[in-house]
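One structure below.
The values are calculated or read from the model by the stated rules, or taken from the named source; none is laboratory data. Computed from a prediction, not measured in an experiment: that's the story for all the values here. Backbone-built Cβ (ideal geometry, glycine too); neighbour counts: all protein chains shown.
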Amino acid sequence: MKLAPIALTLCLGAISVTNTMATTITQTLKFETVVPPDDFTLKPTTPWPAAGAATPFNYDKVTDTFTAYTNELTIQSASHNVAAKLQAVATLKAGKQTIPVEVKLGGTTLTPTAVKVHDKGPAEGKYPLNIVPTGKGHPAGTYTGDVVLIFDGA
């Protein structure tokens with residue numbers, strides 16, 4: 001059977017329409033996760049104060065004492081004992097005047113020398129953290145300072 005030239009053109013046109021490829025859409029999504037090493041975890045019961053925010057130690061003039069900052073830390077370490085220390089001796093300063101600050105974790109006084117505070121094993125340990133200015137008879141002033149706690153798998 002012989003097709004007329006017009007019929008052949010229409011057939012070819014229909015073929016080219018049916019062979020048109022669909023547009024491809026590509027979407028790239030980025031993901032990230034952090035898998036911590038099997039060292040140890042440390043979680044405060046109450047969130048840490050905001051970065052840069054000063055936590056007040058209220059002073060009772062009648063008893064010449066300060067309120068304490070308290071929290072509870074949950075520590076877990078399957079493969080290492082956990083040691084804690086202070087970066088430096090904790091003090092509050094106002095000019096040349098200083099007030100010593102006592103830092104205790106689980107009843108252990110922390111200093112710049114590391115001390116074991118948690119034994120390795122599967123169990124979590126809960127340790128009260130108590131930070132309080134000490135001493136009596138401090139001159140008036142606005143005292144400031146930092147307490148830097150350092151925890152390490154020992």
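Odds and ends about this structure:
- Only one of K104, K85, K120 that is surrounded by 12 or more Cβ atoms within 10 Å (Cβ to Cβ), of a type outside the set (G, A, S) and in contact with a His (Cβ under 6 Å, 6 or more places away or on another chain): K120
- Subset tally (residues that are modelled with pLDDT of 75 or more and within 24 Å of A83 (Cα to Cα)) for segment 16-43: 4
- Strands (runs of 3 or more DSSP E) wholly inside segment 57-133 that include at least 2 residues being under 24 Å from T45 (Cα atoms), touching a residue at least 40 places away in the same chain (Cβ under 8 Å) and not basic (K, R): 69-77, 82-86, 97-105, 115-118, 121-133
- As a summary of the residue check, T111 satisfies the conditions (1) in contact with a Pro (Cβ under 6 Å, 6 or more places away or on another chain); (2) at pLDDT 95 or above; (3) under 16 Å from D152 (Cα atoms) except for the one numbered (1).
- Filter result for T142 (out of contact with any Lys or Arg (no Cβ under 9 Å at 6 or more places or on another chain), under 23 Å from D60 (Cβ atoms), in a loop (DSSP other than H, G, I, E, B) and polar (S, T, N, Q)): yes
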